[in-house]
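**Student:** Have a look at the structure that comes next, please.
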Amino acid sequence: MVGFVLGFQVNFVSICEVAKAWDDMYEEVYERRERLLFIFKSMLPPLRNKIVLDIGSRLGAVLYGAYVYTKASKIVGVEMNAELCNIQNKLIKKYNFQDRIEIIEANVADRPDVILSADVIIMNNVFEFFMEPEEQVTVWRFLRQTVKPGTLLVTVPPLEETFSQLQTGIVLSEWVQELPPFNPDAAGITLSAKAMLEVKQYKVI
Ligand SMILES: C[S@@+](CC[C@H](N)C(=O)[O-])C[C@H]1O[C@@H](n2cnc3c(N)ncnc32)[C@H](O)[C@@H]1O
């Protein structure tokens, strides 16, 4: 069956695929917002005067969430892809987020100073799809050596899951302690219980 969308001839199967992709995208964007609300309002403690770092900030969604939902004094995104850094910088300028958000274009493994300055580090699927397993092992060992005790890590997926697929030699129980949400009764949290299980918070010991 053939139809027309925006003047382009497409067959019926394509229309269904586009509609499905649009639905999936809507769901993903919605869930992302819910997840950020959960992380910043329920999981983490209040972040007034703290420095938040998102490793691999991509388009900056986590940074904007931190800006809107917290009083963190500084919110830093490290991103190794130059084009993505340009997009983030344009958005930050457009929405006047420059007073608290900064983008650093770098491989995080080259910036121990940025890691050391952070009170909270967020890692959302950061290395899994962008580095070979050997490179991932190297960067995790770098983080193990560099992140200072007391730093909070928020990871998706949980570190246990990431480490079960890599030979890092890092003993998680000697590095971090999992923490429950700081404010489990925070108002307005609608993230599903299943989606909550994909996010974990740890304190570096
Ligand atoms: C799945 S995206 C993270 C998305 C973003 N944090 C969010 O939640 O919206 C992973 C990003 O990490 C970046 N990345 C991967 N390895 C990196 C590294 N070693 N240093 C800096 N950025 C890195 C990739 O370029 C990619 O943009």
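Taken together, the values in this text are just the output of simple stated rules run on the coordinates, not laboratory data. From a predicted model like this one, the values you see are computed outputs, not experimental measurements. Here Cβ is always computed from backbone atoms with ideal geometry, including for glycine, and neighbour counts include all displayed protein chains.
**Student:** In segment 80-96, which residues are more than 18 Å from the chain's Cα centre (by Cα) and in a loop (DSSP other than H, G, I, E, B)?
**Tutor:** 95, 96
**Student:** For segment 43-59, state whether one or more residues are in a loop (DSSP other than H, G, I, E, B), touching a Ser or Thr at 6+ places or on another chain (Cβ under 6 Å) and surrounded by fewer than 22 Cβ atoms within 10 Å (Cβ to Cβ). Spell out the reasoning first.
**Tutor:** Initially, segment 43-59 is screened for residues in a loop (DSSP other than H, G, I, E, B), giving 44-50, 56-59.
Still in the list and also touching a Ser or Thr at 6+ places or on another chain (Cβ under 6 Å): 47, 49.
Among the residues that remain, those that are also surrounded by fewer than 22 Cβ atoms within 10 Å (Cβ to Cβ) are: 47, 49.
Yes: one or more hits.
**Student:** Applying the selection to segment 121-136, what residues are crowded, with 18+ Cβ neighbours inside 10 Å, farther than 8 Å from residue 55 by Cα and more than 6 Å from the ligand (Cβ to nearest atom)?
**Tutor:** Residue satisfying the conditions is 136 alone.
**Student:** Additional query: Consider residue 99 carefully, then state whether it is exposed (fewer than 15 other Cβ atoms within 10 Å of the Cβ), away from the ligand (no atom under 14 Å from the Cβ) and charged (D, E, K, R).
**Tutor:** Numbers: exposed (fewer than 15 other Cβ atoms within 10 Å of the Cβ): yes; away from the ligand (no atom under 14 Å from the Cβ): yes; charged (D, E, K, R): yes.
Spelling it out, residue 99 is indeed exposed (fewer than 15 other Cβ atoms within 10 Å of the Cβ), away from the ligand (no atom under 14 Å from the Cβ) and charged (D, E, K, R).
**Student:** Out of the residues in segment 32-82 that are closer than 27 Å to residue 107 by Cβ, free of Cβ contacts under 8 Å to residues at least 60 places away in the same chain and β-branched (Val, Ile, Thr), state the one that is nearest to the ligand (Cβ to nearest atom).
**Tutor:** Checked segment 32-82; the qualifying residue nearest to the ligand (Cβ to nearest atom) is 78.
**Student:** Just a yes or no: is a residue in segment 148-160 near the ligand (Cβ under 9 Å from one of its atoms), surrounded by 17 or more Cβ atoms within 10 Å (Cβ to Cβ) and closer than 23 Å to residue 59 by Cα?
**Tutor:** For segment 148-160, residues near the ligand (Cβ under 9 Å from one of its atoms), surrounded by 17 or more Cβ atoms within 10 Å (Cβ to Cβ) and closer than 23 Å to residue 59 by Cα: present.
**Student:** Looking at residue 118 and the list (1) touching a Gly at 6+ places or on another chain (Cβ under 8 Å); (2) in contact (Cβ under 8 Å) with a residue 60 or more places away in the chain; (3) of a type in the set (A, V, I, L, M, F, W, C), which single condition is not satisfied?
**Tutor:** (1)
**Student:** Also: Starting from segment 162-190, keep only residues that are without any contact (Cβ under 8 Å) to a residue 12 or more places away in the chain and in a loop (DSSP other than H, G, I, E, B), then list their pairs with residues that are surrounded by 14 or more Cβ atoms within 10 Å (Cβ to Cβ) and of a type in the set (Gly, Ala, Ser) whose Cβ atoms are within a distance under 7 Å, requiring at least 6 positions of separation or different chains.
**Tutor:** Final answer for the pair search is none.
**Student:** Against the condition under 17 Å from residue 40 (Cα atoms), in a loop (DSSP other than H, G, I, E, B) and under 16 Å from the mean Cα position of the chain (by Cα), how does residue 198 come out, does it pass? Talk me through it step by step, then tell me what you get.
**Tutor:** Details: under 17 Å from residue 40 (Cα atoms): yes; in a loop (DSSP other than H, G, I, E, B): yes; under 16 Å from the mean Cα position of the chain (by Cα): yes.
Judged against the criteria, residue 198 is a match.
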